[in-house]
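Since the structure comes first, as structure tokens, the remarks are kept for the end.
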Amino acid sequence: MKKYLWNARPFILCALAAASPSLASPALAQEGVEETLDLAPPDVLVNAPAEHWLLIPLSDLLVFTLPDATNGTKRQAVIQLLPPSLSGGHVRNVRTFAKTRWWDGTKIYRVAKDFVTQFGGNPDAKKLPKGLETVPESEYYNAALGAKRDADMAALQAAVDYSNQYQGTEIRPLMKMIYENGGAQKVGFGGGWPIGSKSVDGETLYYPLTCRGSLSPAHYDPPDAGTGAEMSVITGEAARSLDTTFGMVGRVIDGLEHLQNLPLGTDGGGFYADKSEYTEIKSIRLASELPLAEQPAYQYLASYSPALLQYIEAHGGYGNICTVPVPIRKVSR
């Protein structure tokens, strides 16, 4: 099968073409199309349109720092929080914990192989900061997630149809490349996040999917969905079993290895048997509160970019929607 490098230039015409088909000139659209051999994933990203790489707001980034490793290696992870427009009380609580530096000095006390790295409130039993919200399980869902997913997927479909018709590309639709096996009725990408939906009592509810690297608050007895003081980073590939069982407030976008490649807990569930085994957390900061020189910058590949589908297909185009993470890259600020 021939494959073509998707050319961004005619995409500008796509919205106009939808309103006025006469504007979509095949001759113009074919200009600059480059036939290629099968592309490797890095090649797809290099050739993705520059305008489809979108900056993650600094205010949505957390910097998680552990003490240096014994060999002197710096250990730092960067977490992207769900943006305010797509999230609720749990994410607001996370921001409160970070702003008050509440997690500083708390411990990683559980490392379960291919499952979770857990840290925070237990076993330190620190006094909680003021201003935390009580978050019900209903806030695991957010209608804005569905609206964003549907808008981005509609734009993606329009761009793919346009490119296939006028540029001669052979970009496959999302659902022919990724099958859904995690229980959601419908999945898609919105704002760079994998999003699912399901019907509850006749109502369609939308939620962020729990993929490897997700940040999830501990859940207590219903209806107590936890404050967010205790957190788990999901390190296993079977994370989808946790969809809507726990909240999902963000994801590790850089440095996951520092939270995953820790000594495994030997007690049941991967908890450490002795407090001497705990790893102390040096700090967890909102990136916007760091000195300017230390503030990181990252971009993600837009959910409406056909390059996203080409990237997934370059990996084999199999698995579920979490199999190939949305591309994210570090850039200079």
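The values are calculated or read from the model by the stated rules, or taken from the named source; none is laboratory data. Being a predicted model, the structure only gives us computed values, none of them experimental. Here the Cβ positions follow ideal geometry from the backbone for every residue, glycine too, while neighbour counts run over all protein chains shown. Remember, those area values only see protein heavy atoms, side chains included, never the ligands or the DNA or RNA. Shrake-Rupley method; radii C 1.70, N 1.55, O 1.52, S 1.80 Å.
Of all residues in the stretch 79-88, at least one satisfies being free of Cβ contacts under 8 Å to residues at least 12 places away in the same chain and either small (G, A, S) or outside any loop (DSSP other than H, G, I, E, B) (or both). Checking each residue in the stretch 308-333 for being within 17 Å of the chain's Cα centre (by Cα) and either among the hydrophobic types (A, V, I, L, M, F, W, C) or open to solvent by 40 Å² or more (accessible area, probe 1.4 Å) (or both) picks out L308, L309, I312, I321, C322, T323, V324, P325, V326, I328, R329, K330. Scanning the stretch 192-206 for residues that are touching a residue at least 60 places away in the same chain (Cβ under 8 Å) and open to solvent by 10 Å² or more (accessible area, probe 1.4 Å) turns up P194, L205, Y206.
Is it the case that Y278 is open to solvent by 40 Å² or more (accessible area, probe 1.4 Å), of a type in the set (S, T, Y) and over 22 Å from the mean Cα position of the chain (by Cα)? Taking the combined requirement at face value, the residue satisfies it. Confirm whether G236 is in a loop (DSSP other than H, G, I, E, B) and touching a residue at least 60 places away in the same chain (Cβ under 8 Å). Yes.
Scan the stretch 115-123 and give yes if some residue there is on the phi > 0 side of the Ramachandran plot and buried (at least 19 other Cβ atoms within 10 Å of the Cβ), otherwise no. Yes: one or more hits. Please indicate, with yes or no, whether at least one residue in the stretch 240-251 is more than 20 Å from V91 (Cα to Cα) and outside any helix (DSSP H, G or I). No, that holds for no residue. With respect to the conditions (1) within 28 Å of L55 (Cβ to Cβ); (2) among the polar types (S, T, N, Q); (3) at pLDDT below 95, S283 falls short on a single one, namely (3).
This table checks each residue for (1) open to solvent by 20 Å² or more (accessible area, probe 1.4 Å); (2) within 27 Å of A293 (Cα to Cα); (3) in contact with a Cys (Cβ under 6 Å, 6 or more places away or on another chain).
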{"position": "D38", "(1), (2), (3)": "yes, no, no"}
{"position": "V46", "(1), (2), (3)": "yes, yes, no"}
{"position": "D60", "(1), (2), (3)": "no, yes, no"}
{"position": "P84", "(1), (2), (3)": "yes, yes, no"}
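Among the residues of the stretch 115-155 satisfying the criterion of being among the hydrophobic types (A, V, I, L, M, F, W, C) and part of a strand (DSSP E or B), which is nearest to G190 (Cα to Cα)? Filtering first and then ranking leaves V116. A residue that is in a helix (DSSP H, G or I), without any contact (Cβ under 8 Å) to a residue 24 or more places away in the chain, more than 26 Å from M231 (Cβ to Cβ) and hydrophobic (A, V, I, L, M, F, W, C) can be found somewhere in the stretch 293-304.
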